[in-house]
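This report concerns only the one structure given below.
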Amino acid sequence: MQFEQFKSSLNGAAPPAGISGAAQALWWQAKGDWHQAHRCCQESHDDKGAWAHAYLHRVEGDEKNSAGWYKRAGKTPSTAPLDREWEEIARGLL
């Protein structure tokens, strides 16, 4: 799936079929459902899931928890605006 298709899918009621749990987490976060996004991350046990998880805790304002997830993902904690980081992660997952 291309990024623009993914972004357009936000007009729907559910994430596109066949995308990873990490991508589903970003989808739900963009729809304003942090808790559903977090559940998707908790079911994603790889570095991509950890990256999305780090982002979610950054959105939440929990920098310490976020830093731990960035470390698990092998990423440097982001200081980019949240919307820019969301797009970076989404593009990286797709």
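The values are calculated or read from the model by the stated rules, or taken from the named source; none is laboratory data. Keep in mind that what you see is a predicted model, and the values were worked out from it rather than measured. Counting neighbours? That spans all protein chains shown, and the Cβs are built from the backbone with ideal geometry, glycine included.
Go through region 59-90 and give me each residue that's touching a residue at least 40 places away in the same chain (Cβ under 8 Å) and surrounded by fewer than 12 Cβ atoms within 10 Å (Cβ to Cβ).
Once the filter is applied, which keeps residues that are touching a residue at least 40 places away in the same chain (Cβ under 8 Å) and surrounded by fewer than 12 Cβ atoms within 10 Å (Cβ to Cβ), region 59-90 yields nothing.
Go through Leu94, Leu56 for me and flag whichever is hydrophobic (A, V, I, L, M, F, W, C), in contact (Cβ under 8 Å) with a residue 60 or more places away in the chain and touching a helix residue (DSSP H, G or I) at 6+ places or on another chain (Cβ under 8 Å).
One residue alone meets the criteria, Leu94.
Can you spot a residue in region 8-19 that is buried (at least 21 other Cβ atoms within 10 Å of the Cβ) and not in a loop (DSSP other than H, G, I, E, B)?
No, there is no match, as no residue in region 8-19 is buried (at least 21 other Cβ atoms within 10 Å of the Cβ) and not in a loop (DSSP other than H, G, I, E, B).
Please list, ordered by first then second residue, the pairs with beta carbon atoms under 6 Å, 6 or more apart or interchain, first in region 25-43 and among the small types (Gly, Ala, Ser), second modelled with pLDDT under 95.
From residues that are among the small types (Gly, Ala, Ser), the pairs are Ala25/Cys41.
For residues in region 37-58 being closer than 11 Å to Gln24 by Cα and part of a helix (DSSP H, G or I), which is modelled with the lowest pLDDT?
Of everything passing the filter in region 37-58, Cys41 is modelled with the lowest pLDDT.
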